[in-house]
Amino acid sequence: MVDLLLGLQWGDEGKGKIVDVLTKEYDIIARFQGGPNAGHTLEFDGIKHVLHTIPSGIFHKNAINIVGNGVVIDPVIFKRELDNLGKFNIDFVSKLLISRKAHLILPTHRLLDAASEASKGKAKIGSTLKGIGPTYMDKTGRNGMRVGDLEFDDWKTKYRALADKHEAIIDFYNAEIEYNLAELEAEFCVGVEALKKLTFIDSEEYIFKAQAEGKKILAEGAQGSLLDIDFGTYPYVTSSNTTAAGACTGLGVAPNSIDRVIGIFKAYTTRVGSGPFPTELFDEDGATMGRVGNEFGATTGRPRRCGWLDLVALKYAVQINGVTELMMMKADVLSGFKTIKVCTAYDYKGKKIQHLPYSIESEYVTPVYTEMKGWAQDLTKMSSSADLPATLNDYIAFLEEQLQVPIKIVSVGPDRTQTIHR
Ligand code: IMP
């Protein structure tokens with residue numbers, strides 16, 4: 001069977017940490033969508049590691065890590081990640097397998113991303129500019145290059161034809177972006193050589209066999225449900241299916257092979273990039289969440305927008321994904337707030353509703369809050385549920401009652417050890 005681990009908000013919920021905490025239960029960790037737009041942060045032994053494309057199980061001795069067909073890979077960033085792992089003597093050659101069907105991000109995909117964003121003016125998505133959108137466009141447009149192409153001698157011919165086409169489109173945008181394509185291509189080729197040192201597999205077949213052998217598999221999502229290309233806050237979304245169904249298409253896992261669906265959310269909400277965010281705070285409370293929670297993008301370093309927990313959106317994500325258990329992250333960040341607010345309904349065009357409407361832009365939606373008593377205690381050294389303040393336990397009980405799903409883990413700090421199991 002395959003378990004799923006998914007972010008339920010706008011990404012950055014702390015999936016890297018949880019995969020790391022859960023890894024010892026699994027033989028295989030697989031990524032199924034997204035690319036180097038993701039930034040999964042893990043902290044242990046006093047060192048902070050950020051992974052972009054490589055699954056978070058790579059730091060555990062026994063886990064095999066798979067980059068699935070649904071992922072898009074930039075060989076340049078991938079090589080940097082490998083070099084970094086090399087510094088910590090991680091044996092990635094035997095532990096990291098790549099799907100032949102994963103698509104490649106070309107340097108011109110990154111340029112296209114920049115040109116497209118520049119052309120949007122105020123309507124820009126706030127993309128991480130890693131070439132994600134243009135690469136998925138080539139995938140669905142049936143023009144893309146895949147990892148498996150690198151095993152054939154003519155890959156450079158294929159590359160040239162696609163890159164030339166991209167250059168013509170970049171010209172069309174007429175955007176003021178400067179680049180030296182020869183330099184970018186040289187870097188790309190070095191990245192490709194590094195990638196080719198790894199084992200390429202037919203990951204769907206590999207995972208099918210692993211299941212038949214009784215291996216335990218965890219599919220690790222990137223980004224969050226509200227950035228899903230279909231169910232997120234379109235067009236301010238990423239270009240893949242970040243929800244549970246994405247694991248089926250992004251790994252070749254049949255729906256009836258899915259067992260646990262583990263949903264991760266922060267005790268509050270954050271978002272990077274543009275797009276609607278009903279519970280966003282523009283006051284001192286939002287600034288405190290950002291400061292205490294160290295809310296800066298792991299990939300771009302941009303400050304994240306912060307706000308109260310949006311239960312309407314969270315309930316929607318729980319439904320779409322069929323979440324069977326929840327993990328609440330960063331509870332420690334809320335210590336010190338006298339009152340904690342939770343959005344339990346929207347005022348939508350003058351009517352009170354409790355589901356996610358077509359548009360959650362601020363001109364249509366105003367959040368309706370339920371207020372709860374906060375707690376003052378520092379949670380970061382607490383290690384059992386019994387230690388938690390009563391008002392935090394009330395908060396947890398309220399969320400469980402509203403969502404009808406148990407909260408199994410409460411995270412009280414970035415380190416592996418700061419994790420309370422319930
Ligand atoms: P893109 O996928 O890089 O084009 O970015 C599209 C939108 O998704 C932007 O608002 C990004 O900030 C957001 N996004 C992409 N990846 C992540 C992530 O890993 N965490 C949070 N937001 C992300």
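The values are calculated or read from the model by the stated rules, or taken from the named source; none is laboratory data. Quick caveat, the model's predicted, so the values are computed rather than measured. In this analysis, Cβ positions are derived from the backbone assuming ideal geometry, glycine residues included, and neighbour counts consider all displayed protein chains. Ligands, DNA and RNA are excluded from the accessible area calculation, which covers all protein heavy atoms including side chains. Shrake-Rupley method; radii C 1.70, N 1.55, O 1.52, S 1.80 Å.
Selection of first residues in the range 395-410 that are over 15 Å from Thr370 (Cα atoms) and of second residues that are open to solvent by less than 50 Å² (accessible area, probe 1.4 Å) and small (Gly, Ala, Ser), restricted to Cβ pairs under 7 Å at least 6 apart or on distinct chains, gives the following pairs, ordered by first then second residue: Val410/Ala331. The residues of the range 1-51 that are among the aliphatic types (A, V, I, L, M), in contact with a strand residue (DSSP E or B) (Cβ under 8 Å, 6 or more places away or on another chain) and away from the ligand (no atom under 16 Å from the Cβ), listed by number, are Met1, Val2, Leu4, Val21, Leu22, Ile28, Ile29, Ala30. For the range 353-367, the condition of being of a type outside the set (D, E, K, R) and touching a Cys at 6+ places or on another chain (Cβ under 7 Å) holds for at least one residue.
The conditions of being among the acidic types (Asp, Glu) and more than 13 Å from the chain's Cα centre (by Cα) are not met by Glu220. Screening Arg100 against (1) away from the ligand (no atom under 16 Å from the Cβ); (2) open to solvent by less than 10 Å² (accessible area, probe 1.4 Å); (3) touching a Gly at 6+ places or on another chain (Cβ under 6 Å) leaves a single unmet condition, (2).
Residue-by-condition table, conditions (1) farther than 18 Å from Ile264 by Cβ; (2) touching a Lys or Arg at 6+ places or on another chain (Cβ under 6 Å):
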site	(1), (2)
Gly11	no, no
Ala30	no, no
Glu43	no, no
Ile47	yes, no
Asn62	yes, no
Asn69	yes, yes
Val93	yes, no
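All of Asn84, Asn37 fail the test of being open to solvent by 10 Å² or more (accessible area, probe 1.4 Å) and free of Cβ contacts under 8 Å to residues at least 40 places away in the same chain, apart from Asn84.
Are there any strands (runs of 3 or more DSSP E) wholly within the range 1-75 with 1 or more residues that are touching a Cys at 6+ places or on another chain (Cβ under 7 Å), and if so which? Can you show your working first?
Numbers: elements: 2-7, 28-31, 40-44, 47-51, 64-67.
Fully inside the range 1-75 and qualifying: nothing.
Mind counting the residues in the range 216-255 that are touching a strand residue (DSSP E or B) at 6+ places or on another chain (Cβ under 6 Å) and either over 24 Å from Phe265 (Cβ atoms) or β-branched (Val, Ile, Thr) (or both)?
Kept after step one, since they are touching a strand residue (DSSP E or B) at 6+ places or on another chain (Cβ under 6 Å), are these residues of the range 216-255: 217-224, 240, 244, 247, 251, 253.
Okay, now just the ones that are also either over 24 Å from Phe265 (Cβ atoms) or β-branched (Val, Ile, Thr) (or both), so 217, 253.
The qualifying residues number 2.
Taken over the range 125-166, the criterion of being open to solvent by 30 Å² or more (accessible area, probe 1.4 Å), under 14 Å from Val72 (Cβ atoms) and β-branched (Val, Ile, Thr) is satisfied by Thr128, Thr140.
Every residue in the range 202-219 that is in contact (Cβ under 8 Å) with a residue 60 or more places away in the chain and open to solvent by 20 Å² or more (accessible area, probe 1.4 Å), please. Reasoning before the result, please.
Pass one, the range 202-219, residues in contact (Cβ under 8 Å) with a residue 60 or more places away in the chain: 202-204, 206-207, 210-211, 215-219.
The answer is Asp202, Glu204, Tyr206, Gln211, Lys215, Lys216.
Residues in the range 296-311 that are assigned to a loop (DSSP other than H, G, I, E, B) and at pLDDT 95 or above were compared, and the one that is most open to solvent (accessible area, probe 1.4 Å) is Arg304.
Residues in the range 266-306 that are under 18 Å from the mean Cα position of the chain (by Cα), without any contact (Cβ under 8 Å) to a residue 12 or more places away in the chain and closer than 26 Å to Tyr364 by Cβ: 0 in all. If the condition is being out of contact with any Asp or Glu (no Cβ under 8 Å at 6 or more places or on another chain), of a type outside the set (Val, Ile, Thr) and within 26 Å of Gly86 (Cβ to Cβ), then the range 96-134 contributes Leu96, Leu97, Ala102, Leu106.
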